[in-house]
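The values are calculated or read from the model by the stated rules, or taken from the named source; none is laboratory data. What you see is a predicted model, and the numbers here were worked out from it, not measured in a lab. Reconstructed Cβ throughout: ideal geometry from the backbone, glycine too, with neighbour counts over all protein chains shown. Only protein heavy atoms, including side chains, enter the accessible area calculation; ligands, DNA and RNA are left aside. Shrake-Rupley method; radii C 1.70, N 1.55, O 1.52, S 1.80 Å.
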Amino acid sequence: MKAIVQDRYGPADPLRLTDVETPTPRAGQVLVQVRAAGVDPGVWHLMTGLPYAVRLGYGLRRPRNRVPGMDLAGVVTAVGPGVTTFTPGDEVYGTGAGSFAEYALAPAGRLAPKPASLTFTEAAAVPVSGQTALTAVRDAARVRPDQRVLVIGAGGGVGSYAVQLARAADAQVTGLCGPTKLDLVRSLGAHDVIDYTRHDLPDRRYDVIIDTAGNRPLSRLRRILTAKGTLVLVGGEARDGRWLQGFDRQLRALALSPFVGQRLAPLVAKECTANLAALTGHIEAGQVRPVVERTFPLTRAAEAIRHVKAGHTSGKVVIAS
């Protein structure tokens, strides 16, 4: 099969399209013919091995998995021993290992039937970012009706889903984003949109702040959070810091949270069939829709990753066959 392969950590240039052996599913695994694969900042982190902390789980000297990519949507072609929830021919979406390829393996517990209303390209834009946003809004922030919710980075992959999910929870949603994304965020249901190039942060207080941008100091975010409010930190991005690259802010939040009235919650997203099923429910109810800015062919995977890393994507980028 054709696949994008990397043999060392580094920028996207060493990625190459080549022939590799089609994997065979083991116990609990499903082999999926990939019709589309999403691209998110996590792909860049795993490709470059930055921050260095990620190498503890993915290979110290070189990537343990040579084929990048996590998001996928496609058709089941084979199942491993013990898998009873899927059969060949099923259309599925979810997360696996090495989705930048014609075929990829995925644990059965991280797949779900593809929403009937979505194309494969649209479905591939959902799993990682959608489940991250769902965990942030439903589990970490526990958003309730009429709460004032600020989503920072509202026009990006996770942010676009967070706006819609908070709106589905009947919250009053404000989206903070760049000037080119204001109309998009408004169309997703935000009650108010703010251009961060004109106002770095709003001058009002919020019950919940979901920060997907990952670069503002905790002290500044806490000033616009109510006394008993919740701050959810999604990931961490910084211009420097090769060891933690912004994730040190999450560590500080963990240390500070027990001593203040506000709840500071670094996000640990869970990828599973149940969360995908919940997202499918929102999608089929018309409450959530994926936003796909651009698609790239597999041969241009390196360009797709560089585009996402630039940080100005509206919604998601997808590699589609």
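What to note about this one:
- Cα-centred dipole magnitude for the chain, charges only on beta-carbon of K, R (+1) and D, E (-1), debye, nearest 20: 920
- Average Cα contact separation per residue, the chain, under 8 Å, 6 or more apart, as relative contact order %: 19
- Computed over region 156-278, relative contact order equals 17 percent, with contacts defined as Cα pairs under 8 Å that lie 6+ residues apart.
- Local charge for G89 was computed over the other residues whose Cβ lies under 14 Å away, with Lys and Arg +1 and Asp and Glu -1, and equals 0.
- Rh by Kirkwood over Cα pairs, then Stokes-Einstein D for region 74-140 at 1.306 mPa s and 10 °C, µm²/s: 124
- Equivalent ellipsoid semi-axes, region 142-205, via Cα gyration tensor eigenvalues times 5, rooted, Å: 18, 13, 9
- Residues whose amide H comes within less than 5 Å of that of R35, counting only those at least five positions distant or on another chain, are A73, G74, V75 (H built at 1.01 Å from N in the peptide plane).
- Using a probe of 1.4 Å, the accessible surface attributed to I305 totals some 0 Å² when neighbouring protein chains are kept in position.
- Fraction of antiparallel bridges per DSSP, the chain only, in percent to nearest 5: 55
- Close amide-amide hydrogen proximity is noted between Y206 and L225, T226, each under 5 Å apart and 5 or more residues distant or on a separate chain (H modeled in the peptide plane; Pro and chain starts excluded).
- Taking N as its residue count, the alpha carbon Rg of region 200-321 over 2.2 N^0.38 Å: 1.28
- Probe 1.4 Å, all protein chains present, accessible-area order of T87, T180, T132, largest first: T180, T87, T132
- Sequence of L176, L15 from largest to smallest accessible area, 1.4 Å probe: L15, L176
- Area accessible to solvent at S257, 1.4 Å probe radius, in Å²: 20
- Neighbourhood charge, 9 Å Cβ-Cβ cut-off, centred on T313 and excluding it, Lys, Arg +1 and Asp, Glu -1: +1
- Using equal-weight Cα scatterers in the Debye expression, the normalised intensity of region 59-109 in log10 at q = 0.16, 0.21, 0.32 Å⁻¹ is -0.49, -0.75, -1.32.
- Per atom type, region 73-146 shows carbon and sulfur on 53% of its accessible surface, probed at 1.4 Å.
- Shape descriptor for the chain: Rg over Rh equals 0.97 (Cα atoms; Rh from the Kirkwood inverse mean 1/r).
- Amide proton proximity set for G98, modelled H, under 5 Å, gap of 5+: G69
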